[in-house]
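Structure record follows, encoded as structure tokens.
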Amino acid sequence: MKERTLFGGVVAFLFVVGALPLLMMLFGSLYDNGRFTLTAYKVLFTNTALLESLKNSFLLALTVATASTSVGIGLGILLGKSDLRFAKFFTLMLVIPLVIPPYILAFSWADLFGEWFFGFWGVVFVLFTVYLPIAILVTMLYLRQIDPHLEEAALQMSSWKKVLWLVTLPLIRPAIVFAFLLVFILAFGEFSVANFLRYPVFSTQSFVYFSAFYDFRAATAAALPIVAVVAMVFWMQRFLAETKMHFIPASLMQKIRLLKWRLPLFLFVLLIVMLFVITPLSMLVFKTNSMESFLEAGEKALDPLGRSLLFAMLGATLLSVFGFLSAYIIHKRLFRWYRWLDGSILLLFALPASLFGIALILFWNRPYTNFIYATPLILLIGYLGKYLALTTKITETKLVQIPQNLMDAAALSGASWYHTLWYIILPLSKEVLLVGWVVGFIFSLRENTMTMLLYPPGSDTLPVYIFTQMANGKASLIAALCLIMITATLLPLLFLWLYNTARRRDA
Amino acid sequence: MIILESIDVSFDEQPILQDVHLKIADKERLVLLGSSGSGKTTVLKLIAGFVTPDRGKVFIDGQLASEEGKILMPPHQRDVSMVFQDLALWPHMNVAKNIAFGLKIQGMPKKEREKKVHDILSMVGLEDAGKKRIEQLSGGEKQRVALARSLVLSPKVLLMDEPLSSLDPALNVRLRTQIVKLQEELGFTLVYVTHNEAEAKEIATRVVSMQKGKIVE
């Protein structure tokens, strides 16, 4: 089979999974009984509650993005470029809020602070802790791309303080822009935390229109500004933050020696970890109160947990396979319109999960596709569409680092494209495939908003079960369920860390 | 015989090769000599089928292999092998697997493959290195593995892109002698790229100089 034929098939499949439902939803909102009409869009200009929520979302996204980026850049430099003690451990700890479902953190903080935590600043605080790791990780990633000679040359003339300001920070400017925009988009489309902390934001509106009134045309119209913001931000990002992704080995990086600041900064980072990570988790342990709560939670969560793990494993496998294939298409620029594939995958990731969930319902809820809609297959399609960007981007970081000469050498040895793919590219990418699988697993496992809309009867997952319990369940039971959920999420990360440690020891 | 006829190549509208004419006879040891950026490597990639000419034609053994904007004969059908400047050894395979890769793709039975790998490793003086991982080898050993991998398919033409540039002078001299000896023994055509005049003179039966994308002598 020809390379372009096979990969054309992959693109067609991904189009049906992701883009087509959204396009159908958009066209559906423009037609009423077969006639073109813009009546559904009147809601955007006439509904004051909607306009108010739009303003709220914008303000929320701006505040969260500014706070997360400002603090995240500083922490990223500290953790990724200095001789701070236990920097790797701190990084790992600070990533925890990103990988666990954000509404669990909202529940924990709300429980600690009580009623006054509800509202704008409560949502800002929770989302700040959730998205802070994005700014940290993006900064660390870009720092690994700085040619050490550029800083060495500057260090011959000045101290680190000025070099950081005049050389390092300008060189990682794309990271600052990229982190800000990414956090802005994610905060703009966030649903579960705002919903739990009772702050009216725009993404909840499309959900309300759909779930309460079943008015999908109004739901689509209400989501249009979100799509517009996401598309605009991605368009800007293309010009501002093109990632080169050529990494310098950590050992060659020019590290900042903290000297007398080493201890105070160590204590400062420790304090941040204690505050943002340990405190909410401890709250859950404290709230669980007794072993009975755990036993009760274990008994009640067993089925949903089993289903969650199974769906997450299947989702992660699909995400790894298609993430690899789409990264291959984008990296090799197999089609002239590869940027469209790249952009669509990113757009789906950035769109609110509620919107994508509604699009999937409208597209698959038909008698002849009931074998998908009425089974967990619909969840797998949802996970694949929503999180493909993650595994695609992770795989791309490796593909750009495989020298073209390795492929050319294979071609001269008589290898066809699939021989090269199978014997050269795939084995060289196996580590990022594993990382992609773990990331896919975690994100499929923690997914809540889309799953609430899509899960077939009798197939609820643990996050859905916890979310429904939050409305009127016992606090100790909810806390125990949250701890079970966190453990299930963090276990694969632990395995990955152990695997990497063992591999480094072997090497 | 390889013929390059009126070749122009450009990347991002930057001319790399301009009106290149070159004939390479069978069993010749041709050295392309020139400074970096003179277009030597592009000539090799053009012959190998990795670069498409913007103008002109490439003939291999009388067959049209590439012409303006098209590669008519894919790399593996050209009976050409190449030793890359960075050697391009596959890091996830051991020495024997690197060498046996092309034979495996051809469908050669395992036993036959193993014998052939053993023979070629003996030829380059690395009889016991088959099971070693690539990162365990010295620079000179890696160079010889790359050479063995290229020769195991018995190509008619071997292209070498500054393969010895990263080695120390003594090893460089030893290996160029070995390359000449192997070429004489096996009778392949050698197209060798270097910027080192002494190296060129020692290896070549003919030296062609390149400058700014043109052949100057």
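Each Lys and Arg adds +1 at its Cβ and each Asp and Glu adds -1 at its Cβ; summed about the Cα centre, region B:93-152 shows a dipole of about 240 debye.
Placing unit charges on the Cβ atoms of the charged side chains and taking the dipole of the protein assembly as shown about its Cα centre, the candidate lying farthest along the positive direction among A:Phe371, A:Tyr103, A:Asn500 is A:Asn500.
For region B:2-78, the list of GluC sites (Glu not before Pro) that fall in a loop by DSSP and count at most 12 other C-beta atoms within 10 angstrom reads B:Glu13.
On a C-alpha basis, how far is the centre of region A:125-182 from the centre of region A:442-507 in Å? Whole number, if you could? So the two Cα centres are separated by 32 Å. When A:Lys88, B:Lys97 are compared by accessible surface with a 1.4 Å probe, the order from highest to lowest is A:Lys88, B:Lys97.
The charge dipole of region B:36-110, taken about its Cα centre with unit charges on the Cβ of Lys, Arg, Asp and Glu (plus for the first two, minus for the last two), comes to roughly 220 debye. Looking at chain A, do any whole DSSP H helices span at least 20 angstrom along their long axis by alpha carbon and average 1.6 or above on Kyte-Doolittle, and which? Membrane-span-like by this criterion, though nothing is claimed about a membrane: A:120-143, A:173-188.
Placing +1 on each Lys and Arg Cβ and -1 on each Asp and Glu Cβ, with no other charges, gives the protein assembly as shown a dipole about its Cα centre of roughly 500 debye.
Solvent-accessible area of A:Arg198, all protein chains in place: 150 Å² (probe radius 1.4 Å, heavy atoms, ligands and nucleic acids excluded). Does chain A come out rounded, prolate or oblate by the C-alpha gyration tensor, with a ≥ b ≥ c the root eigenvalues, rounded set by a/c under 1.5 and, if not, prolate when a/b is larger than b/c and oblate if not? Rounded, because the longest to shortest axis ratio a/c is under 1.5.
Quick one: Cα centre-to-centre distance for region A:74-112 and region B:142-197, in angstrom? Spelled out, the Cα-based centre of one part sits 53 Å from the other. With a/c under 1.5 counting as rounded, go ahead and sort region A:51-288 into rounded, prolate or oblate using the C-alpha gyration tensor (a ≥ b ≥ c being the square roots of the eigenvalues; past the cut-off, prolate if a/b is larger than b/c, else oblate). Oblate. For the protein assembly as shown, the residue among B:Ala48, A:Thr69, A:Leu271 whose Cα projects farthest onto the positive side of the dipole built from Cβ charges is A:Leu271. For region A:51-288, the solvent-accessible area of protein heavy atoms averages 45 Å² per residue (probe radius 1.4 Å; ligands and nucleic acids excluded). Element breakdown for region B:101-217 at a 1.4 angstrom probe: carbon and sulfur atoms account for 49% of the accessible area. Other protein chain C-beta atoms within 10 Å of residue C-beta, averaged over B:81-94: 4.
Pairs from the table (B:Lys97/B:Lys142; A:Lys398/B:Lys40; B:Lys40/B:Lys201) lying more than 24 angstrom apart at Cα are A:Lys398/B:Lys40. Separation of region A:332-397 and region B:1-70 by C-alpha centroid, Å? About 45 Å separates the Cα centre of region A:332-397 from the one of region B:1-70.
Taking all protein chains together and rolling a 1.4 Å probe, A:Leu26 ends up with roughly 60 Å² accessible. Across peptide A:399-411, the average count of Cβ atoms from other chains found within 10 Å of a residue's Cβ is 5. For region B:118-179, GluC sites (Glu not before Pro) meeting the loop criterion (DSSP other than H, G, I, E, B) and having at most 11 other Cβ atoms within 10 Å: B:Glu127.
Note on A:Lys55: lysines with a C-alpha under 27 Å away, same-chain residues under 8 apart excluded, are A:Lys42, A:Lys386. If the cut-off is a Cα-Cα distance under 16 Å, which lysines reach A:Lys88, setting aside same-chain residues fewer than 8 apart in sequence? Straight-distance partners of A:Lys88: A:Lys255.
Contact with the other protein chains removes 30 Å² or more of accessible area, compared with the isolated chain and a 1.4 Å probe, from these residues of region A:426-475: A:Leu428. Looking only at B:Ala170, B:Ala88, B:Ala129, which one moves most when chain B is put into a Gaussian network model with springs between Cα atoms under 10 Å? Among B:Ala170, B:Ala88, B:Ala129, the largest mean-square fluctuation in the Gaussian network model of chain B belongs to B:Ala170.
Seen against the Cα atoms of chain B and their longest principal axis, helix B:169-186 is set at about 90 degrees.
Given B:Lys111/B:Lys131; A:Lys161/A:Lys260; B:Lys45/B:Lys116; A:Lys332/B:Lys104; B:Lys104/B:Lys131, which pairs have Cα atoms separated by over 22 Å? Beyond 22 Å: B:Lys45/B:Lys116; A:Lys332/B:Lys104. Run down the aspartates and glutamates and flag those whose C-alpha is under 16 Å from the C-alpha of A:Lys393, throwing out any fewer than 8 positions away in its chain. Within reach: A:Glu242, A:Asp342, A:Glu431. Surface composition of region A:51-288: carbon and sulfur atoms hold 73% of the protein heavy-atom accessible area at a 1.4 Å probe.
Between 0 and 90 degrees, the angle of helix B:110-123 with respect to the longest Cα principal axis of chain B falls at about 80 degrees.
Put simply, chains A and B cover up around 1700 Å² of each other's accessible surface, both sides summed, when a 1.4 Å probe is used. Checking the a/c ratio against 1.5 first, then a/b against b/c, what shape does the Cα gyration tensor give for region A:1-151? It comes out oblate by the Cα gyration axes.
Within region B:103-132, the trypsin sites (Lys or Arg not before Pro) that combine a DSSP coil assignment with at most 12 other C-beta atoms in a 10 angstrom radius are B:Lys131.
The values are calculated or read from the model by the stated rules, or taken from the named source; none is laboratory data. These numbers come from a predicted model, not from an experiment. Please note: Cβ atoms are built from the backbone with ideal geometry, for glycine as well, and neighbour counts cover all protein chains shown. Protein only, heavy atoms only, side chains kept; ligands, DNA and RNA dropped before computing areas. Shrake-Rupley method; radii C 1.70, N 1.55, O 1.52, S 1.80 Å.
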